[in-house]
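**Student:** Dropping the structure in here first, questions after.
The values are calculated or read from the model by the stated rules, or taken from the named source; none is laboratory data. Note that the coordinates shown come from a computational prediction; the quantities given were computed from them, not determined experimentally. Ideal geometry is used to build each Cβ from the backbone, glycine not excepted, and the neighbour counts take in all protein chains shown. Heavy atoms of the whole protein, side chains included, go into the accessibility calculation; ligands, DNA and RNA do not. Shrake-Rupley method; radii C 1.70, N 1.55, O 1.52, S 1.80 Å.
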Amino acid sequence: MEKSVFGAKKYGYEYTLICYPDEHVKKQAIKEATTFYPLLISRKFSPISDIMQVVHLCRYIQSNKPDIIHTHSPKAGLVGMLAGWVMRIKCRIHTVAGLPLVEKQGIYKYILISVERLVYACSHVVVFNSPRQAQYVIENGWISPKKVKIIGKGSSNGIDLSYFQKTQAIQTEVNKLRNELAIQKDDLILSFVGRIALPKGIEELVNAFLLLENEYNNLNLILVGSADNVDPISHEIWNIINTNSRIHWLGYKEDVRPYFQITDIFVFPSYREGFPQIIMQAAAMECPIIATDINGANEIIENGKNGLLISPKSTTEIVAAVKKLIEEPDLRNTFSRQSRNAMINGFDQEKFWQGLDDLYKETLNR
């Protein structure tokens, strides 16, 4: 997690973090010296529970009378924007950081589309962290273009370039990590950071690694992230992860920088994203990146310039891309330099926060 996820206090705002009672968020609230209010919002579709959470949030709003409500996930958007609309909060902003409905089919997809449209209707402004994603929603007629806003070149929070950069202190942690994992000096390390979930392309990544290690005996794969129970990977893949001595699943880590700095090739084979913060972090840490050619990722990675883009759900293309970067170390070095340059030129967090402050003020004045 970044040293500062929210820049609100710097711009004179007092704020409360409202979400599921997660230990990581509680720690962040303490670090930010702000209030945390627990709300039992489930990621699963649960109408009765969701209605109850809307009622709870309305009560909180009635007691605390905030001027702004800003939501950041599909379910939080549903609960937060409905409560904000009912209580007539003056500034209601929803950020779209991904569209899970893209992967769905049939009646369930229709329900998710209806929910998205309801959230947009209850919002004053909808911030899309991906320009292409915004265009997709507009073209499908789910929102009026007048409500759409993109801050800078995209993303949900920009990237803190002073935090996400290689340092000697982090290298000390990297050296310890190599010893702990018994990774040799000349070994090559592939890595992934994110939820260990089916839509993140973990199964394709693991299967690709099995093929690659037959050809390269100095490869290691590091997986950093918590296991996902909503979209879990198969028991077969878990068994491979837990039994292969060159696959290292390290679970959730609050500070992910050492795992970027240890990386030779970062692979992010997700099926869908909004505007993936993880790719921005990896790029700022000068990782050569392989990512899927999906909205968000293909707005950060320019194929052949600062990384490689591959098709989603393709084990074969992961193998080919990794082999290319193994065989061409000069290309890896070029991608490393260009990755950080792209973050410096388009996604600096300070500029993002200034844009968000301007949006709050503009919406409140309106």
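**Student:** Suppose we filter segment 27-66 for residues that are assigned to a loop (DSSP other than H, G, I, E, B) and touching a residue at least 60 places away in the same chain (Cβ under 8 Å); how many remain?
**Tutor:** Result for segment 27-66: 3.
**Student:** Restricting to segment 173-193, count the residues that are closer than 20 Å to residue 321 by Cα and of a type in the set (Gly, Ala, Ser).
**Tutor:** Qualifying residue count, segment 173-193: 1.
**Student:** OK, next. With respect to residue 210, is the statement that it is without any contact (Cβ under 8 Å) to a residue 40 or more places away in the chain and in a strand (DSSP E or B) true? Give the steps one after another, and end with the answer.
**Tutor:** Values: without any contact (Cβ under 8 Å) to a residue 40 or more places away in the chain: yes; in a strand (DSSP E or B): no.
No, not satisfied.
**Student:** Still on this structure: So which strands (runs of 3 or more DSSP E) stay within segment 225-296 end to end and still have 1 or more residues that are touching a Pro at 6+ places or on another chain (Cβ under 6 Å)? Let's see the steps before the verdict.
**Tutor:** Details: elements: 247-249, 265-268, 289-292.
Where strands (runs of 3 or more DSSP E) fall fully within segment 225-296 and carry at least 1 residues being touching a Pro at 6+ places or on another chain (Cβ under 6 Å), they are 265-268, 289-292.
**Student:** On to the next question. Applying the selection to segment 300-342, what residues are in contact with a Gly (Cβ under 6 Å, 6 or more places away or on another chain) and either open to solvent by 50 Å² or more (accessible area, probe 1.4 Å) or not in a loop (DSSP other than H, G, I, E, B) (or both)?
**Tutor:** 335
**Student:** Let me ask another. Hey, could you check segment 241-285 for residues that are aliphatic (A, V, I, L, M) and open to solvent by 30 Å² or more (accessible area, probe 1.4 Å) and say which is modelled with the highest pLDDT?
**Tutor:** Looking at residues that are aliphatic (A, V, I, L, M) and open to solvent by 30 Å² or more (accessible area, probe 1.4 Å), I get 250.
**Student:** Hey, another quick one. Scan segment 286-299 for residues that are open to solvent by less than 10 Å² (accessible area, probe 1.4 Å) and either hydrophobic (A, V, I, L, M, F, W, C) or within 12 Å of the chain's Cα centre (by Cα) (or both) and jot them down.
**Tutor:** Matches in segment 286-299: 287, 289, 290, 291, 296, 297.
**Student:** In addition: What are the residues in segment 182-232 that are polar (S, T, N, Q) and either touching a Lys or Arg at 6+ places or on another chain (Cβ under 6 Å) or open to solvent by 30 Å² or more (accessible area, probe 1.4 Å) (or both), if any? It would help to see each step written out before you state the result.
**Tutor:** Going through segment 182-232, the residues polar (S, T, N, Q) turn out to be 184, 191, 207, 214, 217-218, 220, 226, 229.
If the condition is that a residue be polar (S, T, N, Q) and either touching a Lys or Arg at 6+ places or on another chain (Cβ under 6 Å) or open to solvent by 30 Å² or more (accessible area, probe 1.4 Å) (or both), then 184, 207, 214, 217, 218, 220, 226, 229 are the ones that fit.
**Student:** Would you mind finding the one in 123, 162, 155 that is among the small types (Gly, Ala, Ser), under 30 Å from residue 341 (Cα atoms) and either touching a His at 6+ places or on another chain (Cβ under 7 Å) or open to solvent by less than 10 Å² (accessible area, probe 1.4 Å) (or both)?
**Tutor:** After applying the criteria, what remains is 155.
**Student:** Same structure again: Can residue 10 be described as within 20 Å of residue 151 (Cα to Cα) and open to solvent by 40 Å² or more (accessible area, probe 1.4 Å)? Walk me through it before giving the result.
**Tutor:** Details: within 20 Å of residue 151 (Cα to Cα): yes; open to solvent by 40 Å² or more (accessible area, probe 1.4 Å): yes.
Yes: the conditions hold for residue 10.
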